[in-house]
Amino acid sequence: MPDILAPTPEKILEVLQPVQDPELQKSLVDLNMIRNVAIQDGVARFTLVLTTPACPLREMIVDDCKKAVQTLPGIKAVEVEVTAETPQQKSVPDRTDVPGVKNIIAVSSGKGGVGKSTVAVNIAMALAQSGASVGMIDADIYGPNVPTMLGLEDAVVEVRKEAQGDVMEPAIAQGIKLVSMGFLIDKDQPVIWRGPMLNGIIRQFLYQVDWGTLDYLIVDLPPGTGDAQLTLAQAVPMAGVVIVSTPQTVALLDARKGLRMFQQLGVPVLGVVENMSYFIPPDRPDTRYDIFGSGGGEKIAQELGVPLIGCVPLEIPVREGGDNGHPIVVSGPSSESAKAFQAIAQDVAAKVSVAALTC
């Protein structure tokens with residue numbers, strides 16, 4: 001006679017039904033995030049499919065699942081395999097998807113000198129470290145610095161002829177695919193272009209690059225509210241934009257304008273990153289100096305109704321990492337700035353997944 005109290009895959013799914021994704025506030029079972037349920041000799045096994053490899057709540061979700069299954073009689077152990085399937089951002093009328101690219105995230109700033117490219121590169125690197133497939137477009141056509149920050153200054157990209165036109169092979173560094181104007185011009189050659197030419201090269205970077213399959217395409221925009229921002233916002237469906245500023249008033253004034261521009265264009269603003277939030281001297285790591293003021297990022301976020309998704313300290317190794325092609329999340333992962341970038345990347349990934357699954 002079969003033991004009606006013996007655990008079964010159906011009973012495992014039943015006890016997992018109340019366990020929710022903390023971001024989506026829905027049952028993991030209903031979201032089809034619990035798969036391949038099996039039980040043998042009292043050991044329950046199943047696959048937990050997260051919505052992003054960079055899920056900040058991964059361990060908490062796994063613990064909640066184990067606790068729920070362990071309430072069943074006869075369960076000796078619970079083994080959870082964790083994978084991820086990043087959802088595809090929804091298409092938008094009159095905007096063209098980039099084949100193979102699931103989510104396009106822009107990083108922008110109102111003015112130069114606030115560390116926007118540093119933020120973009122470290123977000124991309126943190127996402128890649130989590131296991132996501134990541135690409136970058138260095139859309140700062142007049143000042144392409146991302147190749148230097150990723151150690152690709154001397155990279156040579158191939159352009160092959162195909163029936164539909166030229167297709168560029170992106171350079172690859174530390175798991176990140178990159179295209180940049182820096183690959184197409186000499187080191188000291190200025191780019192003296194009007195808007196239509198800039199529009200054209202950005203569209204080439206979007207549609208005439210062999211991106212393969214990407215979870216995230218990070219676009220490092222030039223500062224301001226000009227042609228590059230308008231081209232990107234009108235060309236492709238965007239998962240969102242991250243606005244970078246320092247705490248000082250001048251930077252915040254320009255950040256407000258950039259943020260409002262994206263809102264007017266219908267691009268979701270994921271939040272504000274306050275870069276260079278405070279200085280940590282290398283010889284006094286417990287000391288903080290508010291060189292550019294304090295609280296500015298939080299103030300603008302509250303006033304404009306968007307999240308403050310991170311405050312990044314100013315540390316000398318951040319600058320060094322950018323100069324030598326080793327971003328701080330790689331060269332100094334235990335530093336305060338690297339931890340801040342990692343948390344920002346996780347927050348951005350979570351927000352993008354929620355938006356894709358709830359729209």
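The values are calculated or read from the model by the stated rules, or taken from the named source; none is laboratory data. From a predicted model like this one, the values you see are computed outputs, not experimental measurements. In this analysis, Cβ positions are derived from the backbone assuming ideal geometry, glycine residues included, and neighbour counts consider all displayed protein chains.
Numerical summary
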quantity	calculated
Scan of region 322-344 for residues that are crowded, with 23+ Cβ neighbours inside 10 Å, part of a helix (DSSP H, G or I) and either in contact with a Phe, Trp or Tyr (Cβ under 9 Å, 6 or more places away or on another chain) or modelled with pLDDT under 95 (or both), ordered by number	Ile328, Val329
All positions within region 239-253 that are surrounded by 24 or more Cβ atoms within 10 Å (Cβ to Cβ) and within 30 Å of Lys90 (Cα to Cα)	Ala239, Val241, Val242, Ile243, Val244, Ser245
Residue match in region 273-292 (condition: in contact with a Gly (Cβ under 9 Å, 6 or more places away or on another chain) and closer than 28 Å to Met197 by Cβ)	no
Count of region 349-359 residues which are more than 14 Å from Leu57 (Cβ to Cβ) and within 10 Å of the chain's Cα centre (by Cα)	1
From Ala44, Ala54, Ala84, residue being under 15 Å from Pro9 (Cβ atoms) and crowded, with 18+ Cβ neighbours inside 10 Å	Ala44
Which numbered condition Trp211 misses (of (1) among the aromatic types (Phe, Trp, Tyr); (2) within 22 Å of Leu127 (Cβ to Cβ); (3) modelled with pLDDT under 95)	(3)
All positions within region 254-304 that are within 18 Å of Ser337 (Cα to Cα), surrounded by 15 or more Cβ atoms within 10 Å (Cβ to Cβ) and aliphatic (A, V, I, L, M)	Val272, Val273, Met276, Ile280
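Matching residues to (1) closer than 30 Å to Arg194 by Cβ; (2) in contact (Cβ under 8 Å) with a residue 12 or more places away in the chain; (3) in a loop (DSSP other than H, G, I, E, B); (4) among the hydroxyl-bearing types (Ser, Thr, Tyr):
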site: Val80; (1), (2), (3), (4): no, yes, no, no
site: Thr83; (1), (2), (3), (4): no, yes, no, yes
site: Ser108; (1), (2), (3), (4): yes, yes, no, yes
site: Val114; (1), (2), (3), (4): yes, yes, yes, no
site: Ile123; (1), (2), (3), (4): no, yes, no, no
site: Ile137; (1), (2), (3), (4): yes, yes, no, no
site: Pro147; (1), (2), (3), (4): yes, yes, no, no
